[in-house]
1. Can you tell me which residues in region 212-226 are touching a residue at least 40 places away in the same chain (Cβ under 8 Å) and either polar (S, T, N, Q) or part of a helix (DSSP H, G or I) (or both)?
2. Among the residues that make up region 161-169, is at least one of them outside any loop (DSSP other than H, G, I, E, B), more than 25 Å from the chain's Cα centre (by Cα), without any contact (Cβ under 8 Å) to a residue 40 or more places away in the chain and surrounded by 19 or more Cβ atoms within 10 Å (Cβ to Cβ)?
3. Could you go through region 193-205 and let me know if any residue there is loosely packed, with under 15 Cβ neighbours inside 10 Å, over 30 Å from L84 (Cα atoms) and free of Cβ contacts under 8 Å to residues at least 24 places away in the same chain.
4. Among A94, A123, which is outside any loop (DSSP other than H, G, I, E, B), small (G, A, S), surrounded by fewer than 21 Cβ atoms within 10 Å (Cβ to Cβ) and modelled with pLDDT of 95 or more?
5. So which residues in region 45-80 are more than 26 Å from A123 (Cβ to Cβ), touching a residue at least 40 places away in the same chain (Cβ under 8 Å) and part of a loop (DSSP other than H, G, I, E, B), if there are any at all?
6. Which residues, taken from region 185-220, are within 21 Å of the chain's Cα centre (by Cα) and small (G, A, S)?
7. Specify which of the listed residues (G102, G18) is at pLDDT below 90 and of a type outside the set (A, V, I, L, M).
8. Tally up the residues in region 4-26 that are within 15 Å of V114 (Cα to Cα) and not aliphatic (A, V, I, L, M), please.
Amino acid sequence: MAGQVRTEAVVLRSMRYGEADRILHVYTLHRGRVSAIAKGVRRARSRFGGRLEPFFRLQLELHEGRGELLTVTGAHTVDAHARLRGDARALDGASRACDAVGRLFETSEPHPAVFHLLCRQLALLDERAGSHGAAGAWGEALAFRLKLLLAAGLAPQLGACANCGAREHLVGFSGAAGGVVCSACEAGSFGLTQEAHVFMTEALGRALSEAPEASEPVLRQVERAISATVEHHAHVRLAPAAAA
């Protein structure tokens, strides 16, 4: 329906368009993922300044016409996440988090929990810019993705074998089955250590800021489990959660 739309939003991606415009992909609180054009934003005297860049959290005013693109008519900064822009690892983590949200939730259906989860992840990256090691940042990124799967209804089965329901001898993970599998059902699965199983269980049960710690071999298994689940059930291929 045509008219004015007011909503909080996070800029996922911003692309140059024409001589002075930008096309924005944004994830909004009330409208899910939408695309909008910001006219004249690249001119020196644009009233939007630099606030329509990726990772800004904004209060947006949009005009919805008959076309697919909405038009940005107003934008007010809620959080610029300025610190993460000075840290390469945090900046990369923000880019991967926004990409995952854009790929897994690509429709205009609202998912307030996903919006707030993304905002929390960006805030954590901003708070911890410059202070995190590679393993810690990777673990937090994987915990974020596990929570995205939960919001999408794709959380892996971790309490019992996804094939037969057995609760013992859980030795593998199957993307096709949607979770851990026991030794009797492990055909077609890959090995999953107890440590990786515990990481996923705790990451889903804890606050995002309390993501469990794990070694790199464990995190590689968790990454593989998440990728197998997403590719099989959402038919989406995500970039790795963290830079190699």
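The values are calculated or read from the model by the stated rules, or taken from the named source; none is laboratory data. No experiment lies behind these values; they were computed from the predicted model shown. Note: ideal-geometry Cβ built from the backbone for every residue, glycine included; neighbour counts use all protein chains shown.
1. Here is the first cut: in region 212-226, the ones touching a residue at least 40 places away in the same chain (Cβ under 8 Å) are 212-216, 219, 221-226.
Residues satisfying the conditions are S215, E216, L219, Q221, V222, E223, R224, A225, I226.
2. no
3. Taking every residue of region 193-205 in turn, at least one turns out to be loosely packed, with under 15 Cβ neighbours inside 10 Å, over 30 Å from L84 (Cα atoms) and free of Cβ contacts under 8 Å to residues at least 24 places away in the same chain.
4. Numbers: A94 fails: surrounded by fewer than 21 Cβ atoms within 10 Å (Cβ to Cβ).
Within the list A94, A123, the selection yields A123.
5. Residues satisfying the conditions are G65, R66, L69.
6. Result: A196, A203, G205, A207, S209, A211, A214.
7. The conditions single out G18.
8. Residues in region 4-26 being within 15 Å of V114 (Cα to Cα) and not aliphatic (A, V, I, L, M): 2 in total.
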